[in-house]
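The values are calculated or read from the model by the stated rules, or taken from the named source; none is laboratory data. Computed from a predicted model, the values in this text were never measured in an experiment. Neighbour counts run over all protein chains shown; Cβ positions are idealised from the backbone, glycine included. The area values use the complete protein model at the heavy-atom level, side chains included, leaving out ligands, DNA and RNA. Shrake-Rupley method; radii C 1.70, N 1.55, O 1.52, S 1.80 Å.
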Amino acid sequence: MNDQSRTATASHAAPPKALDRPLEVGPDDWNRREFYLLMTALVIPRPIGWISTLSAAGVRNLAPYSYFNLMGSDPAYVAFGSTGVKDSLANVREVPEFVANIVTMHLIEKMNFTATDFPRGEDEFGWAGLTPAPSARVRPFRVREAKAHLECEVVQVVTDGSTNIVLGRIVHAHVDPSVWKDGRVDPKLLDPVCRLSGSGYAPLGELVSVQRPQWKDVTGTAGQEAMPKAVKK
Ligand SMILES: Cc1cc2nc3c(=O)[nH]c(=O)nc-3n(C[C@H](O)[C@H](O)[C@H](O)COP(=O)(O)O)c2cc1C
(Lines give C-alpha, C1' and ligand atoms only; values in the text may rest on other atoms or scores of the structure.)
Protein backbone atom coordinates (compact mmCIF):
# COMPACT_ATOMS: atom_id res chain seq x y z
CA MET A 1 0.00 0.00 0.00
CA ASN A 2 1.48 3.42 -0.90
CA ASP A 3 1.02 6.52 1.25
CA GLN A 4 -1.71 7.99 -0.95
CA SER A 5 -3.93 4.97 -0.35
CA ARG A 6 -3.90 5.32 3.46
CA THR A 7 -6.76 7.08 5.20
CA ALA A 8 -5.91 7.55 8.85
CA THR A 9 -8.65 9.99 9.80
CA ALA A 10 -11.62 8.79 11.83
CA SER A 11 -14.88 9.25 9.98
CA HIS A 12 -16.91 9.55 13.20
CA ALA A 13 -15.86 10.86 16.63
CA ALA A 14 -18.10 8.33 18.40
CA PRO A 15 -20.39 5.44 17.30
CA PRO A 16 -23.17 7.13 15.31
CA LYS A 17 -26.80 6.03 15.65
CA ALA A 18 -27.07 5.57 11.89
CA LEU A 19 -24.19 5.14 9.50
CA ASP A 20 -24.60 7.40 6.46
CA ARG A 21 -21.13 6.63 5.07
CA PRO A 22 -18.56 3.91 5.70
CA LEU A 23 -17.05 3.87 9.17
CA GLU A 24 -13.30 4.48 9.45
CA VAL A 25 -11.93 4.26 12.96
CA GLY A 26 -8.74 3.34 14.82
CA PRO A 27 -8.26 2.10 18.39
CA ASP A 28 -7.38 5.58 19.69
CA ASP A 29 -10.27 7.43 18.04
CA TRP A 30 -13.05 6.26 20.37
CA ASN A 31 -13.08 5.49 24.05
CA ARG A 32 -11.86 2.01 24.90
CA ARG A 33 -15.30 0.54 25.61
CA GLU A 34 -16.79 1.78 22.33
CA PHE A 35 -13.93 0.26 20.32
CA TYR A 36 -14.20 -2.98 22.30
CA LEU A 37 -17.93 -3.15 21.52
CA LEU A 38 -17.19 -2.61 17.82
CA MET A 39 -14.53 -5.35 17.73
CA THR A 40 -16.65 -7.90 19.59
CA ALA A 41 -19.60 -7.16 17.29
CA LEU A 42 -17.47 -7.66 14.18
CA VAL A 43 -15.54 -10.81 15.04
CA ILE A 44 -18.48 -13.17 15.41
CA PRO A 45 -19.34 -15.86 16.09
CA ARG A 46 -16.60 -16.64 18.58
CA PRO A 47 -16.17 -19.99 20.28
CA ILE A 48 -15.99 -19.98 24.06
CA GLY A 49 -13.17 -21.58 25.99
CA TRP A 50 -14.52 -22.39 29.43
CA ILE A 51 -11.19 -22.26 31.17
CA SER A 52 -10.57 -24.29 34.31
CA THR A 53 -7.42 -23.63 36.30
CA LEU A 54 -6.00 -24.31 39.73
CA SER A 55 -4.26 -21.95 42.14
CA ALA A 56 -1.07 -22.93 43.97
CA ALA A 57 -3.25 -23.27 47.08
CA GLY A 58 -5.38 -25.83 45.21
CA VAL A 59 -8.51 -23.69 44.70
CA ARG A 60 -10.39 -24.58 41.49
CA ASN A 61 -11.41 -21.81 39.09
CA LEU A 62 -13.68 -21.82 36.06
CA ALA A 63 -14.50 -18.89 33.75
CA PRO A 64 -15.56 -18.35 30.12
CA TYR A 65 -13.27 -16.66 27.60
CA SER A 66 -14.42 -15.86 24.07
CA TYR A 67 -11.06 -14.40 23.15
CA PHE A 68 -10.34 -18.03 22.47
CA ASN A 69 -9.44 -20.19 19.53
CA LEU A 70 -7.33 -22.96 18.06
CA MET A 71 -4.03 -21.37 17.01
CA GLY A 72 -2.28 -24.20 15.20
CA SER A 73 -2.23 -27.93 14.82
CA ASP A 74 1.38 -29.15 14.58
CA PRO A 75 1.66 -29.04 17.54
CA ALA A 76 -1.88 -28.07 18.43
CA TYR A 77 -2.29 -24.80 20.31
CA VAL A 78 -5.12 -22.83 21.79
CA ALA A 79 -4.99 -19.30 23.14
CA PHE A 80 -7.24 -17.30 25.41
CA GLY A 81 -7.05 -13.61 26.16
CA SER A 82 -7.57 -12.05 29.57
CA THR A 83 -8.33 -8.34 29.74
CA GLY A 84 -6.50 -7.45 32.93
CA VAL A 85 -5.27 -9.91 35.53
CA LYS A 86 -8.20 -12.16 36.34
CA ASP A 87 -8.18 -15.30 38.48
CA SER A 88 -7.58 -17.60 35.47
CA LEU A 89 -4.43 -15.67 34.54
CA ALA A 90 -3.21 -15.47 38.14
CA ASN A 91 -3.71 -19.24 38.41
CA VAL A 92 -1.85 -20.18 35.22
CA ARG A 93 1.06 -18.10 36.46
CA GLU A 94 1.11 -20.34 39.55
CA VAL A 95 0.10 -23.67 37.97
CA PRO A 96 0.85 -23.33 34.22
CA GLU A 97 -1.88 -25.65 32.96
CA PHE A 98 -5.54 -25.26 32.02
CA VAL A 99 -8.46 -27.12 30.54
CA ALA A 100 -10.50 -25.50 27.75
CA ASN A 101 -13.93 -27.05 28.30
CA ILE A 102 -16.10 -26.76 25.18
CA VAL A 103 -19.32 -24.85 25.81
CA THR A 104 -22.45 -26.38 24.34
CA MET A 105 -26.01 -25.05 24.39
CA HIS A 106 -27.13 -27.17 27.33
CA LEU A 107 -24.54 -25.43 29.51
CA ILE A 108 -25.05 -21.82 28.38
CA GLU A 109 -26.61 -20.59 31.65
CA LYS A 110 -24.06 -22.29 33.90
CA MET A 111 -21.25 -20.99 31.68
CA ASN A 112 -22.59 -17.45 31.97
CA PHE A 113 -22.99 -17.81 35.73
CA THR A 114 -19.29 -18.68 36.10
CA ALA A 115 -18.45 -15.25 34.63
CA THR A 116 -19.67 -13.67 37.88
CA ASP A 117 -16.85 -11.76 39.60
CA PHE A 118 -16.44 -14.36 42.34
CA PRO A 119 -13.51 -13.59 44.69
CA ARG A 120 -10.33 -15.56 43.97
CA GLY A 121 -10.87 -18.08 46.77
CA GLU A 122 -14.31 -19.13 45.46
CA ASP A 123 -14.75 -22.31 43.42
CA GLU A 124 -17.11 -21.67 40.48
CA PHE A 125 -17.73 -25.41 40.06
CA GLY A 126 -19.53 -25.40 43.40
CA TRP A 127 -21.42 -22.16 42.81
CA ALA A 128 -22.70 -23.30 39.39
CA GLY A 129 -23.51 -26.87 40.46
CA LEU A 130 -20.92 -28.41 38.15
CA THR A 131 -18.93 -31.58 38.78
CA PRO A 132 -15.13 -31.36 38.81
CA ALA A 133 -13.65 -34.43 37.11
CA PRO A 134 -9.94 -35.29 37.14
CA SER A 135 -8.05 -34.53 33.93
CA ALA A 136 -5.83 -37.04 32.18
CA ARG A 137 -2.63 -34.99 31.81
CA VAL A 138 -3.00 -31.73 33.76
CA ARG A 139 -3.81 -30.74 37.34
CA PRO A 140 -6.84 -28.46 36.75
CA PHE A 141 -10.14 -30.32 36.77
CA ARG A 142 -12.42 -30.55 33.77
CA VAL A 143 -16.17 -29.94 33.81
CA ARG A 144 -17.78 -33.36 33.84
CA GLU A 145 -20.98 -32.00 32.24
CA ALA A 146 -19.08 -30.63 29.19
CA LYS A 147 -19.05 -32.76 26.03
CA ALA A 148 -15.38 -32.16 25.19
CA HIS A 149 -12.24 -30.88 26.87
CA LEU A 150 -8.80 -29.80 25.72
CA GLU A 151 -6.10 -30.18 28.35
CA CYS A 152 -3.28 -27.68 27.86
CA GLU A 153 0.16 -26.78 29.15
CA VAL A 154 0.94 -23.07 29.19
CA VAL A 155 3.90 -22.29 26.95
CA GLN A 156 3.84 -18.49 27.05
CA VAL A 157 1.84 -15.50 28.23
CA VAL A 158 2.10 -12.50 25.94
CA THR A 159 1.27 -9.21 27.67
CA ASP A 160 0.65 -5.87 25.97
CA GLY A 161 -1.01 -3.30 28.22
CA SER A 162 -4.07 -4.95 29.78
CA THR A 163 -4.18 -7.67 27.13
CA ASN A 164 -2.74 -10.99 28.27
CA ILE A 165 -2.70 -13.80 25.71
CA VAL A 166 -2.20 -17.24 27.22
CA LEU A 167 -0.78 -19.74 24.75
CA GLY A 168 -1.44 -23.34 25.63
CA ARG A 169 -0.18 -26.45 23.92
CA ILE A 170 -2.87 -29.13 23.80
CA VAL A 171 -1.62 -32.30 25.48
CA HIS A 172 -4.86 -34.27 25.67
CA ALA A 173 -8.40 -34.18 24.28
CA HIS A 174 -11.49 -35.82 25.72
CA VAL A 175 -14.75 -36.30 23.77
CA ASP A 176 -18.08 -37.66 24.98
CA PRO A 177 -19.57 -40.50 22.86
CA SER A 178 -22.85 -38.56 22.53
CA VAL A 179 -21.30 -36.07 20.06
CA TRP A 180 -19.52 -38.66 17.91
CA LYS A 181 -20.92 -39.87 14.59
CA ASP A 182 -19.39 -41.50 11.50
CA GLY A 183 -15.84 -41.33 12.78
CA ARG A 184 -15.83 -37.70 13.89
CA VAL A 185 -17.38 -35.02 16.05
CA ASP A 186 -20.77 -34.14 14.60
CA PRO A 187 -21.31 -30.34 14.83
CA LYS A 188 -25.09 -30.69 15.30
CA LEU A 189 -24.63 -33.21 18.10
CA LEU A 190 -21.97 -31.04 19.71
CA ASP A 191 -24.34 -28.03 19.54
CA PRO A 192 -21.71 -25.41 20.44
CA VAL A 193 -22.52 -21.95 21.76
CA CYS A 194 -21.54 -19.17 19.37
CA ARG A 195 -20.64 -15.96 21.18
CA LEU A 196 -21.89 -12.69 19.69
CA SER A 197 -21.54 -9.33 21.47
CA GLY A 198 -23.08 -8.04 24.70
CA SER A 199 -25.45 -10.65 26.07
CA GLY A 200 -25.94 -12.19 22.61
CA TYR A 201 -25.32 -15.83 21.72
CA ALA A 202 -26.46 -18.15 18.95
CA PRO A 203 -26.68 -21.86 18.28
CA LEU A 204 -25.18 -23.28 15.09
CA GLY A 205 -27.34 -22.28 12.15
CA GLU A 206 -27.84 -24.12 8.88
CA LEU A 207 -24.79 -26.12 7.81
CA VAL A 208 -23.27 -25.78 4.33
CA SER A 209 -20.38 -27.53 2.66
CA VAL A 210 -17.91 -26.08 0.12
CA GLN A 211 -15.17 -28.27 -1.32
CA ARG A 212 -11.70 -26.72 -1.24
CA PRO A 213 -10.25 -26.46 -4.77
CA GLN A 214 -6.69 -27.25 -5.80
CA TRP A 215 -4.55 -25.42 -8.31
CA LYS A 216 -4.78 -28.39 -10.70
CA ASP A 217 -8.58 -27.84 -10.86
CA VAL A 218 -8.23 -24.09 -11.41
CA THR A 219 -5.35 -23.90 -13.86
CA GLY A 220 -6.46 -23.79 -17.48
CA THR A 221 -9.85 -22.34 -16.51
CA ALA A 222 -10.89 -18.69 -16.25
CA GLY A 223 -10.91 -19.26 -12.51
CA GLN A 224 -14.44 -18.65 -11.39
CA GLU A 225 -15.95 -21.52 -13.36
CA ALA A 226 -13.82 -23.83 -11.17
CA MET A 227 -15.11 -22.22 -7.99
CA PRO A 228 -16.87 -24.92 -5.92
CA LYS A 229 -20.50 -24.22 -5.02
CA ALA A 230 -21.74 -24.03 -1.42
CA VAL A 231 -24.33 -26.73 -0.82
CA LYS A 232 -26.67 -27.17 2.13
CA LYS A 233 -25.93 -30.21 4.26
C1 LIG B 1 -19.29 -15.63 27.19
C2 LIG B 1 -18.25 -14.83 27.91
C3 LIG B 1 -17.02 -14.64 27.34
C4 LIG B 1 -16.03 -13.92 28.01
N5 LIG B 1 -14.83 -13.74 27.41
C6 LIG B 1 -13.84 -13.07 28.06
C7 LIG B 1 -12.56 -12.93 27.47
O8 LIG B 1 -12.31 -13.43 26.37
N9 LIG B 1 -11.62 -12.26 28.16
C10 LIG B 1 -11.85 -11.73 29.39
O11 LIG B 1 -10.95 -11.12 29.97
N12 LIG B 1 -13.05 -11.87 30.00
C13 LIG B 1 -14.05 -12.53 29.37
N14 LIG B 1 -15.27 -12.69 29.96
C15 LIG B 1 -15.45 -12.21 31.33
C16 LIG B 1 -14.86 -13.21 32.33
O17 LIG B 1 -15.44 -14.50 32.17
C18 LIG B 1 -15.15 -12.71 33.76
O19 LIG B 1 -14.43 -11.50 33.96
C20 LIG B 1 -14.79 -13.72 34.82
O21 LIG B 1 -15.21 -13.27 36.08
C22 LIG B 1 -13.30 -13.99 34.87
O23 LIG B 1 -13.14 -15.02 35.79
P24 LIG B 1 -11.78 -15.34 36.54
O25 LIG B 1 -11.41 -14.10 37.33
O26 LIG B 1 -12.17 -16.46 37.42
O27 LIG B 1 -10.74 -15.70 35.51
C28 LIG B 1 -16.30 -13.37 29.30
C29 LIG B 1 -17.56 -13.55 29.88
C30 LIG B 1 -18.53 -14.28 29.19
C31 LIG B 1 -19.89 -14.48 29.81
>> I'd like the full set of residues that are among the β-branched types (V, I, T), in contact with a strand residue (DSSP E or B) (Cβ under 9 Å, 6 or more places away or on another chain) and open to solvent by 30 Å² or more (accessible area, probe 1.4 Å), limited to the range 42-55.
In response: I44
> Tell me, which residue of the range 127-144 that is over 23 Å from R93 (Cα atoms) and in contact (Cβ under 8 Å) with a residue 40 or more places away in the chain is surrounded by the most Cβ atoms within 10 Å (Cβ to Cβ)?
Replying inline: L130
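Among the residues of the range 16-32, what is the count of those that are more than 17 Å from R6 (Cα to Cα) and either open to solvent by less than 80 Å² (accessible area, probe 1.4 Å) or assigned to a loop (DSSP other than H, G, I, E, B) (or both)? Before you say what the answer is, go through the steps one by one.
So the first thing to find is which residues in the range 16-32 are more than 17 Å from R6 (Cα to Cα), and the list is 16-21, 30-32.
With the extra rule that they be either open to solvent by less than 80 Å² (accessible area, probe 1.4 Å) or assigned to a loop (DSSP other than H, G, I, E, B) (or both), the set shrinks to 16-21, 30-31.
Total satisfying the criteria: 8.
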>> I'm trying to understand the selection: among the residues of the range 56-95, which are away from the ligand (no atom under 12 Å from the Cβ), open to solvent by less than 50 Å² (accessible area, probe 1.4 Å) and part of a strand (DSSP E or B)?
In response: G72, A76, Y77, V78
> Does the range 96-120 hold any residues that are closer than 24 Å to S178 by Cα, open to solvent by 60 Å² or more (accessible area, probe 1.4 Å), in contact (Cβ under 8 Å) with a residue 24 or more places away in the chain and within 13 Å of the ligand (Cβ to nearest atom), and which are they?
Replying inline: K110, N112
> In the range 207-233, which residues are touching a residue at least 12 places away in the same chain (Cβ under 8 Å), open to solvent by 70 Å² or more (accessible area, probe 1.4 Å) and not in a loop (DSSP other than H, G, I, E, B)?
Replying inline: V208, V231, K232
>> Step by step: first the residues of the range 145-169, then only those that are among the hydrophobic types (A, V, I, L, M, F, W, C) and closer than 25 Å to R32 by Cβ, then the one that is least open to solvent (accessible area, probe 1.4 Å). Which residue is that?
In response: V166
